[in-house]
Amino acid sequence: MKGRLLDLVLVLGGLLMIAPLVWLIVTALAEPINAFQLPPQWIPQPPSLQNFQQVPDLIPFARMAWNSLQIAVLTTAGALLTSALAAYAFSRLRFPGRDQIFSVLLAALVVPVQLTVVPIFIMMRWLHLTDTTVAIWLPALVNVFGIFFLRQYIASIPRELDEAAIMDGAGHFWILFRVILPLARPGLTALGIFVFEASWNNFFWPYIFLSSPEKMTLPVGLVSLQGAIGGGPAVVLFAAITLVVLPILVLFLIFQRSFIASIATTGLRA
Amino acid sequence: MKPQRRDWLPGYLFISPAVLLFVVFVAGPLVAAFGLSLFHWDLLSTPEFAGLDNFHQLVTDSATIRAVVNTFVFAIASVVTHIGIGMLLALGVHRTMTRGTKYFVRTAYFFPFLVSWAAVALIWKYALDPTFGLVTHYLSSVGLPTTNWLASPTWALPTLIVVDWWHTIGYTFIILLAGLQTVPAQLHEAARVDGANAWWRFWSVTLPVMSPTIFFATVITFIGAFQIFDPMVIMTQGGPDGATRSIVQYTYEKGFQSFEVGYAAALSLVLFVVIMLVTGLQFRLSRRWVHS
């Protein structure tokens, strides 16, 4: 009985958690004159797609989605590659200075990006790279946490496997890509989801570097849309936010297990 | 044993992309930030050597002090509430529950973490609107007092702390839930046989076994909260009257709006030093309570 009561409290809390999202979608689907009524209408009567159709009139939404996707894919693929290469070297190869270099990288875990952003901005301005997507993904190709995380992961893979491959005359590239990485797939997936999600949702960095609408990512685009509509119909903004949130929700519901494992393992292993 | 010299070349080759990028985008800028903090520079004219002027300005600029205080309030409130509520949620979910209930609860609390802060901040800005927001409406319809939350010097920062719960608590909850699942059932069984009640079992079994997880969550939550920027910029622009301005936001304003680049660098160093000190302190204190 006590357990049932607790379940009820947790479920009610859960409903409270999803209420803002339901309100978001319902408002986006409402006709402008019916939106933002109080008390809120939890079922749109009649549902309309009018607000969604107006989004591209105000911001280049598809272009922004493409920018976000391009940046997130490049960041994820690049960071996984540089991290996997370095992690393999740090856990399997012996060379002078290895542990010292690793310690320096590790110490950089406490360097906030907000500290490096001012000098990097100056550097990008000098290279005429501000307001380009390059300014967003290039500095993100090195991921100190990723190196650390994958090194731990690779260290847990038995060395007998690569020693056997070395006996067969295999090179290090072959061992890394054919032996180690297939075995490290759960770790790579967890890290990949983590990096992709962080890049896709990042606001701070793109907000500083990107100024023209065709270059913006979705989070920055949403905020610029809010500025553009001013006192105009906020329902269009709600439609745009829905277009950003809904794909994530669908992906999450499909790959929920991987998402949660990603957060739990990247969290716990660190 | 294979000859070790053979590892040298591949070793350096494999770490070179990461190390090169690290030098250009982490180590170099870190050194540059120290250098910049000694100059007055507006990005256009010639940089002017300023010695410790910027640091002197730090301690006399009341806006900086306000931003540091706000950030500390936000970070400490976040750590305490996220760990507390996250723990209660994790304990609540880690019981016998029907699969459907568990699925719903876990999904509902965790999903907002995957939504970009930009979207979260915009949704809540409208939800908190004093005329057409649903928060105001429902609070007053159950007879609770309400105000223009984001415009109130007293309530704006606490409101952002609560909005941050909605976004971030799912993360703490999932981390703590994963930690809770590592507590061996036999330990609980043994304690039960010894006659320990539920509270004592939590105190003497669950908490010690989970202490590394709690420690990790505390460190990460603090670092994350200390870098808070998005909700302030989008929801309050640091207002009313600086009541919600965070350190990072003030750095942004100085560096990219009024182009006092040297001062912005000095501000970002404050952030760095505080994060280092507090993280170091947490590691020191952890020896007393974290079981390895």
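One Cα centroid belongs to segment A:160-202, the other to segment B:197-244; the line between them spans 32 Å. Each of A:H172, B:H167, B:H188 has some number of other Cβ atoms within 10 Å of its Cβ, and from fewest to most they run B:H188, B:H167, A:H172. Taking Cα centroids, how far is segment A:32-91 from segment B:245-292 in Å? With segment A:32-91 and segment B:245-292 each reduced to a Cα centre, they are spaced 30 Å. I'd like the distance separating the alpha-carbon centroids of segment B:1-56 and segment A:226-257, in whole Å. Comparing the Cα centres of segment B:1-56 and segment A:226-257, I get a distance of 38 Å. Under the classification rounded if a/c is under 1.5, otherwise prolate if a/b is larger than b/c and oblate if not, where does segment A:1-114 fall, given a ≥ b ≥ c as square roots of the Cα gyration tensor eigenvalues? Cα axes put segment A:1-114 in the oblate bin.
If you average the sequence gap of Cα pairs under 8 Å that are 6 or more apart and divide by the length of segment A:1-124, what percent do you get for the contact order? If you can, show how the numbers build up before the last one.
On the way: 37 pairs, mean separation 16.0, N = 124.
That works out to 13 percent.
Averaged over peptide B:266-274, the number of partner chain Cβ atoms lying within 10 Å of each residue's Cβ comes to 3. When A:R159, B:R66 are arranged by Cβ crowding within 10 Å, least crowded first, meaning fewest neighbours, the order is A:R159, B:R66. For helix A:61-92, report the angle its Cα long axis makes with the longest principal axis of the Cα atoms of chain A; keep it between 0 and 90° and round to the nearest 10°. Here the helix axis deviates by roughly 20 degrees. Under the membrane-span-like helix rule (DSSP H runs whose alpha carbons stretch at least 24 Å along the helix axis, mean Kyte-Doolittle hydropathy 0.0 or higher), chain B yields B:62-93, B:156-180, B:207-226, B:261-289. Using only the Cα atoms of segment B:58-289, build the gyration tensor, take square roots of its eigenvalues as a ≥ b ≥ c, and label the shape rounded, prolate or oblate: rounded if a/c is under 1.5, else prolate if a/b is larger than b/c, else oblate. Oblate, since a/c reaches 1.5 and b/c is not below a/b.
Between the Cα long axis of helix A:98-107 and the first principal axis of chain A there is an angle of about 20°, rounded to the nearest 10. Using C-alpha pairs below 8 Å separated by at least 6 residues, the relative contact order for chain B is 28 percent. The long axis of helix A:218-229 is offset from the longest Cα principal axis of chain A by roughly 30 degrees.
Using only helices, what value at 222 nm comes out for the protein assembly as shown when you add -39,500 (n - 2.57) per DSSP H run of length 4 or more and divide by the total residues, to the nearest 500 deg cm²/dmol?
Working: 26 runs with 375 residues, N = 562.
Counting only the DSSP helices, I get -21500 deg cm²/dmol.
Across segment A:54-174, C-alpha contacts under 8 Å between residues 6 or more apart give a mean separation that, scaled by the residue count, equals a relative contact order of 43 percent.
Taking amide hydrogens as placed 1.01 Å from N in the peptide plane, the amide H of B:F39 sits under 5 Å from those of B:A50, each at least 5 positions away in sequence or on another chain.
A short reminder: the numbers here are calculations on the coordinates, not readings from a lab. The model shown is predicted, which means the values in this text are computed figures rather than measured ones. Every residue, glycine among them, receives a Cβ derived from its backbone with ideal geometry; neighbour counts consider all protein chains shown.
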